[in-house]
Amino acid sequence: MVVLSQENESFLLNMSEISVKYGHTAQFIEGVKSWKKCYKENDGKEPWNMWRRVQGKGSVFTLTSAMANWAEMDEDSDPAAKACRMTVVNSIRPHVKGIHYNIARSMPDYSMDKLPEGTTVVWVYSVKVNNSTDFKDVVKQVNTALKNAEGSSRGLWYGVVGGGPDVPDYFVSTPFKNFADLDNDQDGVWKIYEDANGKKKTDALRAKFRASVSSDWSYMYELMPELSF
């Protein structure tokens, strides 16, 4: 997942994927609203975004926040969060089926400078790779073609730090202003690359990409402003 802004410095992205119990989505949403209200009343300062997954099994939300470096994990816990702990226990946890926590590092050399203002939908493409060097080389070459043609990459790239067999190694978040923005036609990234480099090089690079990836998947996520801070 993504935060709503991006600088040219690499940062760490905290991601908590929350699976909500069947039939408990409305109660979960109200619980998060109560926690946000409590956090604001206790002068909380740390921002977060809440995203709702559009496709797939069950009702899934992802809470994201950013850290400049690992040292932030050594700092004292957020006092406002501590003050609102019982709101989590009483109003959120009863509606949660499970939580999967991961950390990813942003890859600014492969990414657009920042998400466009007003982004409310992101398309997240995730991959597990068997050859990281080849995979990153392909991404670099395709992004170079995109930047030459359009002035920027089309998304934000991240490398996941550990996480287990079901966690991607890399993912890219492509932003859209809203769902209607998905209806706008544009050339695919391989078409952009082929226009710049020809079919022979494109076929070779696509083969290299396929050989470097062991599995891939994608989901859309919608920003929930009322649950974000």
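The values are calculated or read from the model by the stated rules, or taken from the named source; none is laboratory data. Just so you know, these numbers come straight off a predicted model, no measurement behind them. Here the Cβ is made from the backbone with ideal geometry for all residues, glycine too, and neighbour counts use every protein chain on show. Note: accessible area is taken over every heavy atom of the protein model, side chains too, but ligands, DNA and RNA are not part of it. Shrake-Rupley method; radii C 1.70, N 1.55, O 1.52, S 1.80 Å.
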Just one of (1) 17.2, 49; (2) 19.0, 61; (3) 23.9, 95 is Rg and Dmax of the Cα atoms in Å as worked out from the coordinates here. Which one is it?
(2)
Within the range 19-34, which residues have the backbone N less than 20 Å from the label spot 7 Å out from residue 93 along Cα→beta-carbon, could you tell me?
19-22, 24-34
To test your reading of the geometry: what angle, between 0 and 90 degrees and rounded to tens, separates the Cα axis of helix 199-212 from the longest principal axis of the chain?
40 degrees
Helix 132-150 sits off the longest principal axis of the Cα atoms of the chain, rounded to the nearest 10 on a 0 to 90 degree scale, by 80 degrees
If R0 is 30 Å, what FRET efficiency do you get for residue 41 and residue 140 from their C-beta distance, rounded to 0.05?
0.05
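Can you tell me how much longer the chain between residue 21 and residue 125 gets when fully stretched, taken as 0.36 nm per residue apart minus their C-alpha distance, in nm with one decimal?
Contour length minus Cα-Cα distance gives 34.9 nm.
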For the range 89-192, with every protein chain kept in place, what is the accessible area per residue (1.4 Å probe, Å²)?
52 Å²
Fully extended contour minus Cα-Cα distance, from residue 215 to residue 76, at 0.36 nm per residue
46.2 nm
Quantify, in whole percent, the carbon and sulfur part of the accessible surface of the chain (1.4 Å probe; protein heavy atoms only).
50 percent
